[in-house]
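Bear in mind that the values in this text are calculations on the coordinates, not laboratory data. Computed from a prediction, not measured in an experiment: that's the story for all the values here. When we count neighbours, we look across all protein chains shown, and the Cβ atoms used for this are built from the backbone with ideal geometry, even at glycine.
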Amino acid sequence: MDGWEIKQFKIVLPPRGQARARATALIDKSTGQARRDPATGRVIIIHHKSEDQEKDEKKLEALMFEHRPASPYKGPILLGVKAFFAIPASKPKKWQAQALAGLIQPEVKPDLDNILKHVKDVATGVFWPDDKSIVGFIGATGKYYGDPARYEIVIGFRPELQGD
């Protein structure tokens, strides 16, 4: 890839997807009723991530942290994510061998776009300032079977745009 520098690393952690945000009505503690916006009269809704999602993000962030650049990459970013899922032990040996060879790929949850969102959200502020910097995906981004379950991440950046 002409003009791009590549950083590659593996994170041994079962792939997870970005979960949907949860919505909850804001409750007034004194009345036990849902609070309403004084201007519109509508119930005030707050959005938050589940505890499990927060834990998953913190684990991935901690493991990614050792691979971080001195400062987030500037300019356009290319991202590649291979998400490797554990091979089900319940499957026949022939099936397992085909899965390991890449002939069978996981058609299970989480969806690939949710895996990518999860990685992008965790890496924002560490590898790039904002995920709007991601302008394309590299090569074989996708879901695979492998041992151990892991992420293989590739980040492409323009070295001439990086400061000292």
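What is the order of ILE138, ILE77, fewest Cβ neighbours within 10 Å to most?
Fewest-to-most Cβ neighbours within 10 Å comes out as ILE138, ILE77.
Report the extension gain between ILE46 and VAL108 in nm, rounded to one decimal, defined as 0.36 nm multiplied by the number of residues separating them, less their alpha carbon distance.
19.3 nm
Grab every C-alpha pair in region 23-107, bin the distances at 10 angstrom width from 0 up to the longest one, and report whole percents.
12, 20, 20, 21, 18, 8, 1
For labels at ARG68 and LYS29 in the simple 7 Å Cα→Cβ model, what's the distance in nm?
If labels sit at ARG68 and LYS29, their model points lie 3.3 nm apart.
With N denoting the number of residues in region 90-164, provide Rg(C-alpha) divided by 2.2 N^0.38 Å, to two decimal places.
Its radius of gyration relative to the 2.2 N^0.38 Å reference: 1.41.
Multiply the residue gap between ARG36 and LEU13 by 0.36 nm, knock off their C-alpha separation, and tell me the result in nm, one decimal place.
Contour length minus Cα-Cα distance gives 4.1 nm.
If you wrap a convex hull around the C-alpha atoms of region 2-44 and split its volume per residue, what is the figure in Å³?
Each residue corresponds to 226 Å³ of Cα convex hull volume.
Can you flag which of LYS91/LYS143; LYS10/LYS109; LYS29/LYS132 are past 29 Å Cα-Cα?
Over 29 Å Cα-Cα: LYS29/LYS132.
Points 7 angstrom from Cα along the Cβ direction at ALA101 and LEU161: gap in nanometres?
A separation of 4.1 nm, rounded to one decimal place.
Suppose every Lys and Arg Cβ carries +1 and every Asp and Glu Cβ carries -1, with no other charges. What dipole size does region 14-164 come out with about its Cα centre, to the nearest 20 debye?
About 460 debye.
When the C-alpha atoms of the chain are aligned to their principal axes, what extent does each axis show, in angstrom, from largest down?
For the chain, the Cα spread along each principal axis is 60, 52, 25 Å.
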